[in-house]
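Have a look at the structure below, then the notes.
The values are calculated or read from the model by the stated rules, or taken from the named source; none is laboratory data. Everything numeric in this text was worked out from a predicted model, so none of it was measured. Please note: Cβ atoms are built from the backbone with ideal geometry, for glycine as well, and neighbour counts cover all protein chains shown. Heavy atoms of the whole protein, side chains included, go into the accessibility calculation; ligands, DNA and RNA do not. Shrake-Rupley method; radii C 1.70, N 1.55, O 1.52, S 1.80 Å.
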Amino acid sequence: MQDRRKFIKTTALAVPALGSLIGAREAQSRDDATSTRQPGNVRKPLVVSTWNHGLAANVAAWRVLERGGRALDAVEIGVKVSEADPKVQSVGYGGLPDRDGRVTLDASIMDASGRCGSVAFLQEIKHPISVARRVMEETPHVMLVGEGALQFALQSGFERQDLLTPEARAAWEKWLEESDAMPKVDAQRHDTIGMVAIDAQGDLSGSCTTSGLAYKMHGRVGDSPIIGAALYVDNEVGAACATGVGEAVIRTVGSFLIVELMRQGHTPEQACREAIARVVRRHPGDDDLQVGYLAMSRDGEIGSCSVRPGFQYAVHDTSGNELCDSSSWVEG
Ligand code: ASP
């Protein structure tokens, strides 16, 4: 069992209503908005990814990084572990379906040169992240969706397969019995893997892949394939990724915002906190909202923040692989 590093901030506030906190937290974020890290002191290689299942994904990514491989390969190979794992019910094979019982997948990837690719509403392909990479590398486009993405995947040699496992089907059938079949957008139904890495050459890349919110409307696309929302990489500045309620991330273009804030001198932690502040401000009174951001500067400094406690991320560097608790806007 890995030790957990605690990053949870302690304040005396116990707060169900998000809106009342905004002023104080924003002031705090502005007050200490300048990074103190010295240029030239780069922590590399390094890979970070969201949630507990990021630990296994990091191990695969690390195998690439430790032998001097590219961050781009690491972030693809890393998240494929979660995509293939039927126990991870929020990503790829074994992901919980939409309300019609269909597993629909979103994924994106971005490299150090600013190239990016994504797929959305893709069905019956186990590794959407690899299709996203093909979109990036082999087409003039950034994003393919639905049937077109599937046709492209099949033409590229990916095999079609049923992604709905018996366990995921049983969970969906139980949901059908218990719910009014209206999708809920809340803190309980997500766990996308987002990953960012810096390689031995100092280059950054990122990836993000998900089956999206469980029991969503058929055709719903979340933040994960939207460049700038769930993923953004700028090799001169840093990279960020997101998990949680995708609609809230899209509305605030979170990952791009975080990278731009880092460009202006915020540390990754401060940038994530400010991006969460924007989410909170846009959703006053939404007491079930969860979004988590994870960021890395180009010198390998890591930061994170979520709306509520519970968001975790995995960090793998030369000293090992460990799970960390994120700081949160609302204290537990
Ligand atoms: N961000 C994802 C979405 O909204 C959900 C998740 O984090 O799993 O599709």
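A few comments on the model shown:
- Dipole-positive endmost among Ile276, Gln264, Leu294 within region 263-302 (Cβ charges, Cα centre): Gln264
- Global geometry of region 272-322, whether rounded, prolate or oblate, following the gyration tensor of its Cα atoms and the 1.5 cut on a/c: oblate
- GluC sites (Glu not before Pro) within region 106-146: DSSP coil, no more than 10 neighbouring Cβ in 10 Å: none
- Across all directions, the average flat footprint of the convex hull enclosing the Cα atoms of region 40-310 is 13.3 nm².
- Å² of accessible area per residue within region 40-310, as computed with a 1.4 Å probe and no ligands counted: 36
- Sulfur and carbon atoms: percent of accessible area, region 282-332 [1.4 Å]: 43
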